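Asker: Following this message is one structure expressed as structure tokens.
Readers should treat all values here as calculations from the given coordinates under stated rules, not as data from a laboratory. Because the structure is predicted, anything quoted here is derived from the model rather than measured. As a convention, Cβ positions derive from the backbone with ideal geometry for all residues, glycine included, and neighbour counts pool all protein chains shown.
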Amino acid sequence: MLRFLLVRVSLIIPTFIGITLLAFILVHSVPGDPIQVLAGEHGISAERHAELLKSYGLDQPLPVQYWRYVEHVLDGDLGRSLITHAPVIEEFGQLFPATIELSIAAILFAVVFGLPAGIVAAVRRNTILDHGVMGAALTGYSMPIFWWGLLLIILFSNTLGWTPVSGRIDVAFDVEPVTGFLLIDSLLSDDPGAFQSALSHLILPAVVLGTIPLAVIARMTRSSMLEVLGEDYIRTARAKGLAPLRVVGIHALRNALIPVITVIGLQIGYLFAGAILTETIFSWPGVGKWLIDSINRRDYPVLQGGVLLIGTVVMVVNLIVDMLYGLINPRIRHKRA
Amino acid sequence: MALLEIEDLTVSFATGRGTLHAVDGVSFSVDSGEVMGIVGESGSGKSVSMLAVMGLLPPPAIVTAQRLRFDGRDLQTMRARERRRIIGKDVAMIFQEPMTSLNPSFTVGYQIIEAIESSSVTSRRQRRHRAIELLERVGIPAPEIRIDAYPHQLSGGMNQRVMIAMALAGNPRLLLADEPTTALDVTVQAQILDLLLTLQRERNMALILITHDMGVIAETVQRVLVMYAGQVVETQAADALFAMPRHPYTGVLLDALPERSIGAARLPVIPGVVPGLSDRPSGCLFHPRCRFADRRCADLMPELSFVETARVRCHYPLGTEKGR
Amino acid sequence: MSQSEAETVDAGAVAATDRPLLEFWRYFSANRGAVIGLGGIILVVLLAIFADIVSPHSPTISDAQSFLKPPAWEEGGSWVYPLGTDAIGRDMLSRLIHGTRFSLLIGCIVVAISGTIGVALGLCAGFFQGAPGILIMRLMDIVLTIPPLLLAIVLVAILGPGLINAMIAVSITYLPYFVRVTRAAALAELTKDYVTASRVNGAGTLRLMVMTVLPNCMAPIIVQATLSFSTAILDAAALGFLSLGAQPPTPEWGTMLADSRDFVLRAWWVVTLPGLAILGTVLAFNILGDGLRDALDPRLKR
């Protein structure tokens, strides 16, 4: 078990190096002169150009630039936004909680509805219920997420008026940002309506973002359960006269969940991609929207920093999921040395 | 009154190409403390019939029987909850593949205690104690340590012993053993069989031993049921059967035992294959592979008839005037 | 069918397995959904081929008289423009029909690029499990760490917006999936006896890879290809929506949704219909992929 952990952790280092390399290369591949971009419309004199080139270290050969870059990164310095001039890492820190809140809500939604759906579909195999659940799941991940969001906005915000259209909370409320998680902060604030507002703003984006993970989890759970239910040890459990609920809920589920956990973990990576679109549609002030804006505004330090940071987060989450998997899979946990 | 009474048990599956009778009109009964063997090749329906008795066949299977009683109680009309009070307790079953028949995510102790839990009301410590006792009884060394082991940490033979311990937890009056030794090493096979028979004697448990290996049957059972392609083709006392098999199929099964061919240049082989769904013969199901078959065999399905103490499904039973 | 699979088939089914295509079709057609999916795809392909004939109008020419006309069954609509018009007076139906061409094109090119390169890399990773294999897998892991859409967006930011660049970007993000699937399948096959037999017979590595092992890995690769096809359509549409993919006036369904946010209140058809087209097409491919997976899964063979 320990060995398993150590191997996994040690793999992080080359991956991290790879990500920094990727981020570095990507941004330096953008056509155009960054100094010109900085200068914008005003134009720039040749001397000033050379000066800035030197001060940014852009006149050095690429490998040196890369090394400098890595040094900065390890120091926590990811540069400054060309637009706001705020440090990239600071902006990320401010906006990330919004994305996390949205992602957690989305994954909760996906698991709470997806797991039972998959279990029921497996146990009631080939019935209308099974086909219905699987059909819905299939439709769920065949939809373009941005369209789904728009559709739900039309339905719930415009037609029914149940939910707001955009943002995290009604502008009327002024909530002290203690944790950065609006749900928690609004509970902490004295304003009773704040929490409700935050919640109602969160629901629709969470549902939209969580739809594809829900579909994937439901399908995965079903196929995993079906496979487990066909195993010999389930027959043994039944032969012991155990109640069906126990056979399915304890014996089958315990084993069926193992691959599902991995799938849930992998969805985290997806959530960032999906968050980009969801945040754009709902004007949710998170990292995804920040990145899209940075592309449109040619804010390259932000893009570079954002890619690096998100890549790092996904990497860490994957590691945690891997370790979790090692913990719950009895064959790995109890491997004789 | 017999402990287990089965009359005209039929298990059918509706497949894309027609109805398959995996078990066709099987009847027999088992008394308390009796040891019976069911012999047949793969596809004979021997396992499926026992699974049907236990109620372990999945929905596509359709189980019908004229009579299906355990201890006088009708298993067919019983409600599921009632049935669960018998299965695993009074009637227990162990299976062929011990390595996959135990849940890999739980310790063997947990799984045995589960079986104990369902049958009696005792404290946790007592249940654990009983589990350790059972492990010891089935011959597992250092049971107080092994109880917390996971199945993949134990060998095949040990896992099978765990299965037996689990089966014994409810003090069964009838134990069904479906090919308990087939997946094990040869040396371990003898040990497990020995264990089963010892336990049977100690507890006066009825034991049904299902196997494809005539050799396993030889020294162990009192009565034998021979099955072919879902039907019972012969049933007799073991000694009599080995001395004088009545059905040609039983005859060739015995001939195929290496012990009986000492001195011969080649081992006898049964030509042909067990009929599947698409190639069910007319008349007697064995006739395409039978040396003695004639027109009558191909036209008419023989009924089970008496020949001295045996019951045979053959137009020309061996060792009779009609036979050869 | 590999030799090992053929051996395990029982006597009664020999006739069917003499012709593996027939047997495959039997399993496949038993899955009603898969047949429906195939039907849907055929419909889309036909629409793409005959788009010019079937469309009532041109997809790019706008009619200044008819901005934002609703579909025919609504008030204010007419059968001239059966599904209404968009913000600059172009016929929705014609644009949707022509959109099939782009979606199919996207799917084909993306799968072709990432499929060929991915399978090649996967085979190499499987065969050369030492340094090259590890290097390839590490590389793929790194690519996978960046969420696919984000990577595609960044790539497009570098290459510049446009349909072709979008397709290239998406292809790159799909590489790891093909590499993984191929490598896993190749590794499984490499342990089998027929490979050892070929090697002993003197087959060179390249021949071994392409002629011996690859054909037996095709099943999961085909399933992956089908799923990647549908995901490619979704991702390209997402890029189009973000104005990073196909550029107007190209009638690509995602691009058609790019400015649709403004019409959420006034003109629901501008928002709903292109999305439905995407949903329908992707759904057809996903159902097909599922059906293929069921039909090709050797474990399900009875």
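Asker: In a Gaussian network model over chain A where Cα atoms closer than 10 Å are linked, find which of A:Thr139, A:Thr236, A:Thr211 has the largest mean-square fluctuation.
Answerer: With Cα springs under 10 Å in chain A, the top fluctuation among A:Thr139, A:Thr236, A:Thr211 is at A:Thr236.
Asker: Another one. Given charges of +1 on the Cβ of Lys and Arg and -1 on the Cβ of Asp and Glu, with all other atoms neutral, how large is the dipole of the range C:253-300 about its Cα centre, in debye to the nearest 20? Intermediate results must be reported in sequence, preceding the final value.
Answerer: Working: 4 positive and 5 negative charges, 15 e Å.
Value, rounded to 20: 80 debye.
Asker: So, one more: How many angstrom separate the Cα center of the range A:77-111 from the Cα center of the range B:217-237?
Answerer: The range A:77-111 and the range B:217-237 have Cα centres separated by 73 Å.
Asker: Given labels modelled 7 Å from the Cα in the Cβ direction, how far is it in nm from A:Glu51 to A:Ser283?
Answerer: 4.1
Asker: Given the -39500 (n - 2.57) contribution per DSSP H run of 4+ residues, what per-residue ellipticity at 222 nm results for chain B, rounded to the nearest 500 deg cm²/dmol? List each step's numbers first, then the result.
Answerer: Working: 12 runs with 103 residues, N = 324.
Roughly -9000 deg cm²/dmol at 222 nm, from the helical runs in chain B.
Asker: Suppose a student asked you for the relative contact order of chain B, using Cα pairs under 8 Å spaced at least 6 residues apart; what percent would you report?
Answerer: Details: 598 pairs, mean separation 63.8, N = 324.
It rounds to 20 percent for chain B.
Asker: Tell me, how many Å apart are the Cα centres for the range C:201-232 and for the range C:121-137?
Answerer: So the separation of the two Cα centres works out to 15 Å.
Asker: Taking the Cβ of C:Ala87 as the center, what net charge do the other residues with Cβ under 14 Å away carry, scoring Lys and Arg +1 and Asp and Glu -1?
Answerer: Working: positive: C:Lys69, C:Arg90, C:Arg95, C:Arg261, C:Arg266; negative: C:Asp63, C:Asp86, C:Asp91, C:Asp259, C:Asp262.
So the surrounding residues net to 0.
Asker: Right, next: Roughly speaking, what is the stretch gain from C:Leu68 to C:Ala87, that is 0.36 nm per residue apart minus the C-alpha to C-alpha distance, in nm to one decimal? The partial results should precede the final answer.
Answerer: On the way: separation 19, 0.36 × 19 = 6.84 nm, distance 0.51 nm.
Taking 0.36 nm per residue and subtracting the Cα distance, the gain is 6.3 nm.
Asker: Also, quick follow-up: Give me log10 I(q)/I(0) at q = 0.26, 0.28 Å⁻¹ for the range C:169-238, Debye formula, one equal scatterer per alpha-carbon, no solvent.
Answerer: Ignoring solvent entirely, the Cα scatterers give -1.10, -1.20.
Asker: Shifting gears a bit: For a Förster distance of 45 Å, can you work out the FRET efficiency between the beta-carbons of A:Ala86 and A:Ala136, rounded to the nearest 0.05? Don't skip to the answer; put the middle values down first.
Answerer: Details: r = 44 Å, r/R0 = 0.97.
It comes to 0.55.
Asker: When the helices in chain C are scored as -39500 (n - 2.57) per DSSP H run of 4 or longer and the sum is shared across all residues, what 222 nm value do you end up with, to the nearest 500 deg cm²/dmol?
Answerer: Working: 13 runs with 203 residues, N = 302.
Mean residue ellipticity, 222 nm, calculated: -22000 deg cm²/dmol.
Asker: Further, regarding this structure: Which one, B:Pro271, B:Met93, A:Leu11, projects farthest toward the positive side of the charge dipole computed for the protein assembly as shown from Cβ point charges (K/R +1, D/E -1)?
Answerer: The residue sitting farthest along the positive end of the dipole is B:Pro271.
Asker: Can you put B:Leu135, C:Leu135 in order, fewest other beta carbons within 10 Å first? Don't skip to the end; give the middle numbers.
Answerer: Values: B:Leu135 26, C:Leu135 14.
Ranking B:Leu135, C:Leu135 by Cβ neighbours within 10 Å, fewest first, gives C:Leu135, B:Leu135.
Asker: Can you tell me which of B:Ala52, B:Ala165, B:Ala142 moves the most in a GNM of chain B? Springs connect C-alpha atoms under 10 Å apart.
Answerer: Its mean-square fluctuation being the largest, the pick is B:Ala142.
Asker: Right, another one. When the Cα centres of the range B:110-176 and the range A:240-262 are compared, how far apart do they sit, in Å?
Answerer: If you average the Cα positions of each part, the centres end up 20 Å apart.
Asker: Kindly provide the helix-only [θ] at 222 nm of chain A, computed as the sum of -39,500 (n - 2.57) over DSSP H runs of four or more divided by all residues, to the nearest 500 deg cm²/dmol? Numbers along the way, then the final one.
Answerer: Numbers: 14 runs with 240 residues, N = 337.
Mean residue ellipticity at 222 nm (helix-derived): -24000 deg cm²/dmol.
Asker: Let me know the number of lysine pairs in the protein assembly as shown closer than 30 Å at the Cα, not counting same-chain pairs under 8 apart. Display every interim value, and only then the final one.
Answerer: Values: A:Lys240/A:Lys335; A:Lys240/B:Lys46; A:Lys240/B:Lys89; A:Lys335/C:Lys192; B:Lys46/B:Lys89; B:Lys46/B:Lys322; B:Lys46/C:Lys301; C:Lys192/C:Lys301.
Number of lysine pairs found: 8.
Asker: So if I place +1 on the C-beta of Lys and Arg and -1 on the C-beta of Asp and Glu, and nothing else carries charge, what would the dipole magnitude of the protein assembly as shown be about its Cα centre? I want it in debye, nearest 20.
Answerer: Working: 77 positive and 81 negative charges, 518 e Å.
It works out to roughly 2480 debye.
Asker: Quick one: if the Förster radius is 30 Å, what FRET efficiency do A:Ile328 and A:Phe113 give, using the C-beta to C-beta distance and rounding to 0.05?
Answerer: Working: r = 22 Å, r/R0 = 0.73.
The pair A:Ile328/A:Phe113 has a calculated efficiency of 0.85.
Asker: With equal scatterers on the alpha carbons only and no solvent term, can you work out the Debye log10 of I(q)/I(0) for the range C:168-285 at 0.09, 0.18, 0.21 1/Å?
Answerer: With one equal scatterer per Cα and no solvent, log10 I(q)/I(0) is -0.42, -0.91, -1.08.
Asker: Another one. Label-point separation (nm) for A:Thr179 and B:Gln222, each offset 7 Å from Cα along Cα-to-Cβ?
Answerer: The modelled label-to-label distance comes out at 7.1 nm.
Asker: With +1 on each Lys and Arg Cβ and -1 on each Asp and Glu Cβ, and nothing else charged, work out how big the dipole of the range B:93-177 is about its Cα centre, in Debye to the nearest 20.
Answerer: Details: 9 positive and 7 negative charges, 48 e Å.
Approximately 240 debye in magnitude.
Asker: A further question follows. If I build a Gaussian network model for chain A, linking alpha-carbon pairs within less than 10 angstrom, which residue out of A:Gly305, A:Gly180, A:Gly210 has the largest mean-square fluctuation?
Answerer: Fluctuation is largest for A:Gly180.
Asker: Suppose a student asked you for the relative contact order of the range B:241-324, using Cα pairs under 8 Å spaced at least 6 residues apart; what percent would you report? Before the final figure, lay out the partial values.
Answerer: Working: 92 pairs, mean separation 22.9, N = 84.
Once divided by the residue count of the range B:241-324, the mean separation gives 27 percent.
Asker: Using a cut-off of 15 Å between beta-carbons, work out the net charge of the residues near C:Ser62 (Lys and Arg +1, Asp and Glu -1, C:Ser62 not included). Could the numbers behind the result be given before it?
Answerer: Values: positive: C:Lys69, C:Arg90, C:Arg95; negative: C:Asp63, C:Asp86, C:Asp91, C:Asp259.
So the surrounding residues net to -1.
Asker: For A:Arg125 and A:Leu245 in the same chain, what is the full-extension length gain: residue separation times 0.36 nm, less their Cα-Cα distance, in nm?
Answerer: Details: separation 120, 0.36 × 120 = 43.20 nm, distance 1.58 nm.
Taking 0.36 nm per residue and subtracting the Cα distance, the gain is 41.6 nm.
Asker: Efficiency by 1/(1 + (r/R0)^6): what FRET value for B:Glu133 and C:Arg207, r their Cβ-Cβ distance, R0 = 51 Å, to the nearest 0.05? Numbers along the way, then the final one.
Answerer: Numbers: r = 63 Å, r/R0 = 1.23.
Here the calculated transfer efficiency is 0.20.
Asker: Would you list B:Ser155, C:Ser94 from fewest to most Cβ contacts within 10 Å? Let's see the in-between values first.
Answerer: On the way: B:Ser155 13, C:Ser94 24.
Sorted ascending by nearby Cβ count, the order is B:Ser155, C:Ser94.
Asker: Charges on Cβ only, +1 for Lys and Arg, -1 for Asp and Glu, centred on the Cα centroid of the range C:50-145; of C:Cys108, C:Tyr81, C:Phe127, which one is farthest towards the dipole's positive end?
Answerer: In the range C:50-145, that residue is C:Phe127.
Asker: Obtain the nm distance between the two label points defined at A:Leu2 and B:Val269 by a simple spin-label model: each point lies 7 Å from its Cα along the Cα-to-C-beta direction.
Answerer: Output for this residue pair reads 5.7 nm.
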